[in-house]
Every structure is written in C-alpha cells, then in structure tokens.
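Step one of this worksheet: look at the structure below.
What follows is calculated from the coordinates using simple rules that are stated; it is not laboratory data. Source: prediction; values computed, not measured. With ideal geometry, Cβ positions are generated from the backbone for all residues, glycine too; neighbour counts draw on all protein chains shown.
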Amino acid sequence: MHTDEVSVTDLEAAKLVFAGPVGAGKTTAIRSISDGDPVSTEMPLTDGPMGDKTTTTVALDFATVVLDDGTPLLVYGLPGQDHFSFMRPIVINGAIGVVLLLSGHDEDAPKHCEQWLSSIREIDEDIAIVIGITQSDLAASFSLRPIRDAVRRCGRPVPVFTFDARSRTESAHLIRALLVSAQ
Amino acid sequence: MRIDLRYAALSQDVERRVRLAATALAAHQIRATATDWDGTRCDLLIADASDGYGRHVIGIAKRKAISVLAFGSETDSAVDGVIWLSPRSDVAALATAIRDELAACRPAESTRSPNEDAPSSSRETSGEQQAGAWVTQDVSSGQSTGAALVRLSTDVELVQVDLQATIQGRTIQLLPSKGRVTASSLSDLLSARDHLSGGGWQFERISGRHPSSLSIGASASLDVFYLYGAIRGKSQLPPSPNVRFGLSDWPDLGAAPDLMDALRVVRTLQRGNVLPSEIATMSRLPQQDVTACLWAFEAAGLLTRSGIEPILQTVRPAEPVRQRSGLLGRLAAHFGMKLA
C-alpha cells in the first residue's frame with residue numbers, strides 16, 4: 001500500500017455484525033444506520049467452478065459508520081443461508097456485538113433464534129447479542145413469548161426487541177440495548 | 001356503538017354537512033366522531049374523489065380495508081370499489097349513507113339491540129364465542145377504581161392473564177401470553193393507552209384461541225404500550241412498593257426509541273436487587289419516572305422481587321468489552337446515548 005493511502009484497517013475500528021436468517025431485514029437495518037448504501041460481495045463457489053460460473057453473489061453486506069471522533073464502525077451483514085455458515089466465525093471474530101434479526105412473520109422464528117444463538121456463542125461465548133424482530137406488526141398472530149422462551153433455553157438472557165428495520169431511530173435503539181447489555 | 005369517521009379533501013360546506021350527519025347518527029344509537037384524516041385506522045372514510053389528495057387518501061384507505069364513501073363521479077375510472085355520494089347530498093341523505101355502509105360492512109351488528117354499546121371487537125367475536133373458541137369472563141369484580149396498571153400488577157385475577165379490557169367504549173386485548181396488545185383500530189389503542197394510569201376499566205378474562213375473525217387493526221408491544229401509558233399518567237400512579245427489584249426478562253423497548261429513560265432504568269435493574277430509590281439515584285432520574293417504569297414493567301410481568309434470584313444478575317461483562325469501554329462510549333454517543 002502507498003503511504004498516502006488510508007485504509008480502515010490502519011485505524012482503530014469497531015466491528016458490528018448483523019446476523020439472522022434470509023428475509024429477516026438485515027440489509028434494511030444496516031442501510032438505516034449506515035452512512036451510505038451497503039455493498040454486497042461476491043464469493044467463489046465453495047464447491048469449485050460450475051462450468052464458466054466461478055463466483056456466486058452472497059448476501060454479505062458491508063457498510064461503514066464514521067463515529068464522531070472519526071473512528072470507523074464496520075458493519076457486516078452475514079449471509080442467512082446455512083451453507084454460508086463457514087463465514088460466521090470469520091466475520092464475528094473481533095466484533096463488539098451481534099444484532100440477530102428474526103422475522104415476526106416467520107413461524108420458525110423461535111427455531112431460527114435457538115440455532116443462531118447457539119451458532120454465535122459457539123464462535124464467541126461472551127459476545128454481546130441483541131435480538132431484533134422485524135415485521136411483528138404484519139403478523140396478527142405474532143407472539144413474543146416463544147422467542148423469549150427460546151432465548152431462555154439458550155442460557156444467558158439477551159434483549160429482545162420488536163422494531164421497524166426501516167427506522168433509523170429504532171435500529172439505533174437496538175444498538176443502544178446491545179451496548180447496555182454489554183456493560 | 002362508537003364509530004370513528006374521517007374525512008379528506010372536502011369543501012368547507014360538505015365537511016360541515018358530514019359533521020352534522022355524524023351527529024345525526026345519534027338517533028340510530030351510533031356515537032360517531034368525524035375528524036380529519038390522519039392516516040390512522042378508522043371505521044369509515046369520506047373523501048372527495050375529484051380531488052388529487054382525496055384520491056390518494058382513498059387509495060390508502062382501500063389498502064387498509066377501510067370502507068369509503070366518495071364524492072365524485074361514478075364513472076371516474078381512477079377510483080373503484082367505493083360507494084358514491086352526490087356532492088349535493090343533504091345531511092339526512094349523508095347520515096343514511098353512512099349508516100347503511102356501516103351496516104353493510106358489519107352485518108352482525110344489525111342483529112343487535114340498538115341499546116347495546118358493545119365495542120366492535122366484542123361484536124366480531126360473537127361467532128367464535130358460540131363455537132366455544134373465544135370466551136370472555138368478567139373479572140372486574142365490581143372494581144373500576146384504581147389505576148389500571150396497578151391493578152394489572154397486583155390483582156391476582158388480572159396478573160399475567162389475557163384480558164379484554166374496555167375503557168370509555170374502547171376495547172383492547174391485553175395478551176401477556178403473546179407480549180402483545182391488539183385493538184380493532186389504532187385510535188382505540190392510543191386512547192386506551194392514555195387511560196392506563198386511571199380507573200374506570202372493565203376487564204374480561206379471555207380463554208380459548210384468538211379468533212381468526214377478530215378484527216385486528218392494530219397490534220403493538222405490550223411492554224411499550226404499558227410504558228407509554230405509565231409515563232403519560234405518571235402523576236396519577238402511586239409509589240412503587242419499597243422492595244428490591246430485578247429483571248426476569250428484558251422489556252421489549254424496540255418501538256420506544258424516544259424513551260431513553262426506560263433504557264436507563266433497565267440498565268440499573270440489570271444489576272439486580274435494587275430499591276426504587278436506588279434506581280433513581282443510580283440512573284439519575286426523577287423518582288416519578290422510575291416509578292412509572294417500574295409499574296409498567298411490573299404489569300408486563302418483567303420484574304422479580306427481593307428474595308428471588310434475578311436472572312440477569314448473573315450477567316458478567318465480557319472481558320473484551322471491558323477493555324473497549326472507551327469505544328463503547330463513543331459508539332453509544334453516536335447512537336444518541338451516554339454511557340456512564
């Protein structure tokens with residue numbers, strides 16, 4: 001690297017990870033708090049090339065937020081698909097916390113909650129986690145109880161918020177809860 | 001029967017006739033309020049389809065499945081699926097059209113006695129009640145005085161029980177089993193919320209499956225509902241019991257980003273076994289605000305009391321987090337919070 005180039009890796013940087021199944025609203029939430037539109041990445045196919053196709057677009061989102069003192073906050077959105085689970089330790093390692101998003105519209109949300117909490121804690125047992133549930137207002141039968149029960153089954157309690165991923169203030173509030181629970 | 005009418009894009013003269021027609025519905029035992037469209041759910045919209053804003057509002061109302069009476073031309077292809085009114089309709093004709101439209105969209109109502117003043121959600125559950133799926137049992141015990149939040153926290157008949165609650169003709173469903181509160185309209189929800197610190201409530205215990213036919217126009221977090229109600233009526237609430245509190249579950253505060261004080265109270269409660277006065281001191285909040293939060297959290301079943309091991313007391317700050325407390329502070333500041 002030339003000396004006049006500045007990379008975020010040269011600075012003290014914080015990392016925040018958004019995780020959760022496909023369709024939970026990770027990209028929307030990241031967009032709502034970040035300074036610009038998140039970018040997606042393309043990754044090589046894990047099983048090698050399929051004919052001419054050597055890469056596939058994975059739903060890994062990346063965005064930055066510059067804190068008031070210039071410190072960059074690197075925001076990552078993990079791919080929701082199970083077959084990209086190998087990326088989780090790579091992305092989560094060193095993060096200040098994980099925002100786990102679930103869809104209130106998804107009947108399997110409690111199951112996803114347990115799976116993701118276990119998966120994240122296998123990577124970092126002590127990492128701060130907050131759970132955000134999107135679209136709860138759209139599901140007439142939505143119930144918070146099964147998700148709270150799932151959290152209890154996984155051990156250490158974490159904040160569970162229903163919120164609107166499109167709202168910057170509500171997404172920011174989720175991060176406040178993450179920071180409070182991390183103290 | 002209580003009805004919320006909204007109007008949009010009407011001329012002054014037509015608006016006056018609509019308001020008079022709403023008043024005239026009292027002759028049919030219908031207590032109708034007619035106000036400007038504000039985007040929230042209502043029972044009926046009356047709008048001028050020849051006006052651009054009126055057509056826009058009609059579109060929103062139709063997406064929300066709200067009945068619409070429209071002034072304009074029936075041949076207007078831009079708007080369909082509405083009941084048309086003549087701009088020259090007099091007050092009596094408007095009242096008749098409103099009453100007919102309400103009867104058409106609520107057929108069960110026409111079979112009721114005109115003297116009944118049951119809220120809409122009760123009406124709409126009648127079919128399921130006959131099937132035994134949705135049963136309510138009056139548990140008001142003749143007590144209508146005392147702050148609803150306090151009763152929901154202390155009355156054994158009401159604590160952590162799914163309830164249908166009525167205040168001033170507005171009915172809501174308090175569903176601690178789901179952590180949700182529902183109502184047939186947002187206005188019912190907001191109006192009920194503003195009375196949570198007062199008396200005059202009637203409660204019915206709900207048993208059975210939530211009926212699919214029940215009209216749920218609004219659904220919200222029960223924790224946030226209680227919290228906003230407690231904050232708004234904090235001056236009416238009695239002091240919290242002077243016992244040591246802890247948290248059994250984190251309150252669902254996601255839809256209350258403006259209630260930062262509640263987050264500060266939760267932060268203190270995380271330590272476990274704290275007195276209300278200690279919470280006020282540690283969180284640097286007025287005692288009245290702490291009291292409001294505690295009553296709200298208590299009603300939502302989120303608190304433990306002295307002698308019971310608070311679950312969250314066992315939370316240990318992770319080592320890497322402690323090492324980066326400065327960074328956390330800067331992060332918190334960026335997202336609008338000050339970490340001590």
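Below are the figures for this structure:
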{"read-out": "Which of B:Phe335, B:Phe71, A:Phe161 has the fewest Cβ neighbours within 10 Å, and the rest in rising order", "value": "B:Phe335, B:Phe71, A:Phe161"}
{"read-out": "Label-to-label distance, nm, for residues given as B:Asp194 and A:Asp37 (7 Å Cα→Cβ offset)", "value": "4.2"}
{"read-out": "FRET efficiency estimate (nearest 0.05) - Cβ-Cβ, A:Asp69 to B:Arg205, R0 56 angstrom", "value": "0.55"}
{"read-out": "Global geometry of region A:91-183, whether rounded, prolate or oblate, following the gyration tensor of its Cα atoms and the 1.5 cut on a/c", "value": "oblate"}
{"read-out": "Distance (nanometres) between label positions extended 7 Å along Cα→Cβ at B:Met260 and B:Asp13", "value": "5.3"}
{"read-out": "Gain on full stretching of the segment that runs from B:Ser235 to B:Arg31 - 0.36 nm per residue minus C-alpha separation", "value": "70.4 nm"}
{"read-out": "Which of B:Asp188, B:Asp13, A:Asp124, B:Asp252 has the fewest Cβ neighbours within 10 Å, and the rest in rising order", "value": "B:Asp13, A:Asp124, B:Asp188, B:Asp252"}
{"read-out": "Residues of region A:81-114 with amide N under 18 Å of the 7 Å Cα→Cβ point at A:Ser141", "value": "A:103-112"}
{"read-out": "Given charges at beta-carbon only (K, R positive; D, E negative), |dipole| of region B:157-309 in Debye", "value": "100"}
{"read-out": "Per-residue average of Cβ from other chains inside 10 Å of A:134-147", "value": "5"}
{"read-out": "Taking A:Cys154, B:Cys42 and counting other C-beta atoms within 10 Å, the order from fewest to most", "value": "A:Cys154, B:Cys42"}
{"read-out": "Protection proxy ranking of A:93-101, B:189-197, B:26-34 - average other beta-carbon atoms within 10 Å, highest first", "value": "A:93-101, B:189-197, B:26-34"}
{"read-out": "Entries of B:Lys64/B:Lys338; A:Lys15/B:Lys178; B:Lys64/B:Lys178; B:Lys62/B:Lys234 with Cα pairs more than 28 Å apart", "value": "B:Lys64/B:Lys338; A:Lys15/B:Lys178; B:Lys62/B:Lys234"}
{"read-out": "Number of partner chain Cβ atoms within 10 Å, mean per residue of A:149-158", "value": "2"}
{"read-out": "Inter-label distance for A:His83 and B:Trp84, nm, one decimal - labels placed 7 Å from Cα along Cα-to-Cβ", "value": "5.6"}
